[in-house]
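Structure first, commentary second.
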Amino acid sequence: MEFCGTHILSVKQFERSDVDRVFEVADNMAPYARRERITKVLEGAILGNMFFEPSTRTRVSFGCAFNLLGGQVRETSDVKTSSISKGESLYDTARVISGYSDIIVMRHPQMGSVSEFAKASRVPVINGGDGPNEHPSQALLDLYTIKKELLSNDRQIDGMNIAMIGDLKHGRTVHSLSQLLLLYDNITFTLISPIELRMPAGIVSELTAGGHKVIETEDMEAGLNDNDTVYLTRIQEERFTTKLEADIYRGRFRLNQSIYTRYCQPNTIIMHPLPRDSREEANELDNDLNQHPSLAIFRQTDNGVVVRMALFALVLNVADKIDDSATDVGWYTQGRF
Amino acid sequence: MEFCGTHILSVKQFERSDVDRVFEVADNMAPYARRERITKVLEGAILGNMFFEPSTRTRVSFGCAFNLLGGQVRETSDVKTSSISKGESLYDTARVISGYSDIIVMRHPQMGSVSEFAKASRVPVINGGDGPNEHPSQALLDLYTIKKELLSNDRQIDGMNIAMIGDLKHGRTVHSLSQLLLLYDNITFTLISPIELRMPAGIVSELTAGGHKVIETEDMEAGLNDNDTVYLTRIQEERFTTKLEADIYRGRFRLNQSIYTRYCQPNTIIMHPLPRDSREEANELDNDLNQHPSLAIFRQTDNGVVVRMALFALVLNVADKIDDSATDVGWYTQGRF
Amino acid sequence: MEFCGTHILSVKQFERSDVDRVFEVADNMAPYARRERITKVLEGAILGNMFFEPSTRTRVSFGCAFNLLGGQVRETSDVKTSSISKGESLYDTARVISGYSDIIVMRHPQMGSVSEFAKASRVPVINGGDGPNEHPSQALLDLYTIKKELLSNDRQIDGMNIAMIGDLKHGRTVHSLSQLLLLYDNITFTLISPIELRMPAGIVSELTAGGHKVIETEDMEAGLNDNDTVYLTRIQEERFTTKLEADIYRGRFRLNQSIYTRYCQPNTIIMHPLPRDSREEANELDNDLNQHPSLAIFRQTDNGVVVRMALFALVLNVADKIDDSATDVGWYTQGRF
């Protein structure tokens, strides 16, 4: 696709070559994200970082990515303080806010809201999550992480085995990641979840129609066997009608050191979209794995920065100019990675 | 007036020549707001963007305007997280915050609060709205819009006809705009509102004393006839005692495509301070006019950016240096306007 | 201590020579804080300004200090919008957020939370207040203020007399300031408080063991006599079980013009960590002293900016490079100090 000026709303926009392009640019961003160099390629540009649903992590990650390219960030983090609470339409919000910024990241609790917003926007919009629907930059950073982690073991995405574990019904991240993996060949998906929280049938059909193998199971121990990657998810409490309903499932599938050692192949990459729920009753991914070299969860969030930098750079058409204004960093940056 | 170092608290500070000066500087800001060029004239300066009452739009507009001049923005968007909730006086808040920034924009729900704050501030303060009282940058952007829209039809403010419609009692924007229009000659004001929500008598008197013609009516259809500009407003629910009381008036005066076509002169400019209430029960300005070339509401908010840039530049005395540090923009900026 | 790359978590980290170094760097920051010059020494650097407890003043002060060094600020001001509310551990929050920024300031309501966070962080962390426990930059700015105020009267910290007044039990600032004063010699502390809100016995023991003289009293008028500095504090309502309990003590010890004149030595420095509670029922430091030349409370908050600039510069190892990129300021900056 032509990235320049395009809205990034859904993983379904991406061809495999598009993903390759994003990852190539993301690779180039690494020295900037690691504070080895600084660039001012977007000096003077403004990101409208519009979060109409709370999300410190994603909001700060996008904002940081834009700052690292030299740009400024104006933002909101709360729907209650916005005109939307006075009956303003998404159309109006988009017309107005797009007059203030060069590019907009928008998160909103309603499915489809970001696409509707983008239609009225006069500048490119990146979907930062529209409720249970899409969160394309998360899917891209997940896939980028898988690719890099596999590469460091001389493996690749084509032909890999991946287990997805937990609330596969509501887990937006596993839906979007599955969509992206459709672009690759011959993957084995082991989908481990309570039967009530299974991966939506539509996605399973797409995967099998795409030539991939899908195993659905409630037996975690059997399912963990023979994977390159295990991708755990949190019970998405906010998508359930009541907290009580969510509590039924919380803590049913847990990965910890002893389970990993017993059931997983060595070097199986451990992923999680974060936040993980570390309360005792949940604890889907135990802290006793925190020092494990295959735990990739914080490399995932680090990769989020470079992937978001890449999206900004591609959409604003500066991907090939990053290095032009680059200079060295003069402050303390040790111990970061 | 001497802009340099002055607080901008009220439209009453402005002579006609002052308005002309703001608009002249605002005109110069257009290439920067349109991202044709960038300037660093305020590089190193800090705006304290203090919103002690929610307003995403106005907050982001001011912040963006300051960024476009090269400055940084520190801000707050919530009174609950502030020391004011621990019993701090406005005097103290002002003494402290003015030590952190080069200029302050302040919004606060209480009438007179921003003036009180400004008295204690050690840096210039711009009133971003003090409850039902003043919001001078809004009045200036409204007037700037009227001027530009009329100009593009070879008309001018002197001698024009304007209809103001809706909650004229609580509508701060129509009060302030009326004050500014006092600086011009021979205007006909048609004030269309429920009788209980009429324009305050004091303002009507000032207008007539200033040689303007004022017609007050509840008959929207008659009132719409023969205007250069119609200015619609939202029922200011937050200024009523109860939501129920506001509901009585909501939706009483509505402008849509068919009413516009039937009752307005061709090319009548349609304005609204935004947010407009697009819920079915209100809908004072219908979406079926969204594509109408005379709908100026989003040009209004765009104009807000250049007018605010002009105020910052004048108060901080850099209006004549904007172009000195200007450079071209290197990223994608198509399709914005 | 070696400042470069160090977490600043507690005043207990500081030797007297460290304090001297911070103050020396803070002195160098004055021209930048006064907007006589600007520096870009941290251009490209990002501060993660993480406030998981409301504090407009401290948050803006840190953010402003970082901007004044040329850096960018990403921030959060609300724990409710954070992953911590979804059960995320401080370990995870720290691993993630430290991938986004070059240095982090963190405030959190729980004692010990910032140290725990710092252990997992990959970048230096400055404690912006961990509940009733520590707030080292406040203690440093208080001490810096005392030093500068005394100096302007040819006095010094060694051998001075200081009265601390109010809620000495919960007042984090007086605890931390006392800790820092332990580094000096021969100070007389007069601790004036309700008997139930006395300075913790452990701190009093440390002071006397350190060779200082401590007088504890409920008699404010006697206690005010013969001090170089009086340091007033607010009743820390948020640390009491109920507001009612706090109300018992509110307003018991008040300083105003007439009490100052009657009981204090001339030139006694008046300090307060702010916010002061100016509601009639509290009013621990009366507004009738606002114009008094010995009232140092706003010089305190101004000093907060340079002290925080100094901490950033030392931890990020740029203290000696500040002037390299310095340029003059081109906008209106009169009347600030």
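Quick look at the numbers
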item: Top-ranked residue in segment B:120-140 [being among the charged types (D, E, K, R) and in contact with a Leu (Cβ under 9 Å, 6 or more places away or on another chain); ranked as nearest to C:Phe298 (Cα to Cα)]; result: B:Asp130
item: The one condition in (1) closer than 19 Å to A:Phe312 by Cβ; (2) of a type in the set (D, E, K, R); (3) without any contact (Cβ under 8 Å) to a residue 40 or more places away in the chain that A:Glu134 fails to fulfil; result: (3)
item: Exclusive hit being buried (at least 19 other Cβ atoms within 10 Å of the Cβ), at the interface with chain B (Cβ under 10 Å from one of its Cβ atoms) and under 29 Å from A:Leu177 (Cβ atoms), set A:Leu42, A:Leu9; result: A:Leu42
item: Total residues in segment B:257-278, condition over 23 Å from the mean Cα position of the chain (by Cα) and assigned to a loop (DSSP other than H, G, I, E, B); result: 3
item: A:Phe62 vs. criteria aromatic (Phe, Trp, Tyr), within 14 Å of chain B (Cβ to nearest Cβ), buried (at least 24 other Cβ atoms within 10 Å of the Cβ) and touching a strand residue (DSSP E or B) at 6+ places or on another chain (Cβ under 6 Å); result: no
item: Within segment A:210-249, tally of residues that are in a helix (DSSP H, G or I), of a type outside the set (D, E, K, R) and in contact with a Phe, Trp or Tyr (Cβ under 7 Å, 6 or more places away or on another chain); result: 3
item: All positions within segment C:159-206 that are over 27 Å from C:Ser17 (Cα atoms) and small (Gly, Ala, Ser); result: C:Gly166, C:Ser193, C:Ala201
item: Conditions (1) within 9 Å of chain B (Cβ to nearest Cβ); (2) at pLDDT below 95; (3) within 25 Å of A:Leu314 (Cα to Cα); number of the one not met by A:Glu88; result: (3)
item: Any chance A:Phe3 is modelled with pLDDT of 95 or more, part of a helix (DSSP H, G or I) and either buried (at least 18 other Cβ atoms within 10 Å of the Cβ) or more than 9 Å from every other protein chain (Cβ to nearest Cβ) (or both); result: no
item: Close pairs (6 angstrom Cβ cut-off, 6 or more residues apart or separate chains): in the same structural domain as B:Arg172 (by TED's automatic domain parsing) in segment B:194-212, of a type in the set (S, T, N, Q) anywhere; result: B:Ile203/B:Ser178
item: Residue within segment A:271-290 that is of a type outside the set (Lys, Arg), buried (at least 18 other Cβ atoms within 10 Å of the Cβ), closer than 30 Å to C:Ile322 by Cα and within 14 Å of chain C (Cβ to nearest Cβ) present; result: no
item: Counted residues, segment C:297-337 - those being under 13 Å from C:Tyr32 (Cβ atoms), among the polar types (S, T, N, Q) and more than 14 Å from chain A (Cβ to nearest Cβ); result: 2
item: Matching residues in segment A:112-135 - criterion: being over 20 Å from A:Leu177 (Cβ atoms) and either among the aliphatic types (A, V, I, L, M) or outside the structural domain of A:Ser61 (by TED's automatic domain parsing) (or both); result: A:Ala118, A:Ala120, A:Val123, A:Val125
item: Hits in segment B:178-192 (condition: within 16 Å of the chain's Cα centre (by Cα) and either touching a residue at least 60 places away in the same chain (Cβ under 8 Å) or closer than 14 Å to B:Pro132 by Cβ (or both)); result: B:Gln179, B:Leu180
item: Residue list for segment C:20-67, filter: of a type in the set (S, T, N, Q), within 21 Å of B:Phe51 (Cα to Cα) and part of a loop (DSSP other than H, G, I, E, B); result: C:Ser55
item: Segment A:222-240: number of residues that are polar (S, T, N, Q), surrounded by fewer than 22 Cβ atoms within 10 Å (Cβ to Cβ) and within 14 Å of chain C (Cβ to nearest Cβ); result: 1
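The values are calculated or read from the model by the stated rules, or taken from the named source; none is laboratory data. Small disclaimer: the values here were computed from a predicted structure and weren't measured. Using ideal geometry, Cβ is built from the backbone for each residue, glycine included, and neighbour counts are taken over all protein chains shown.
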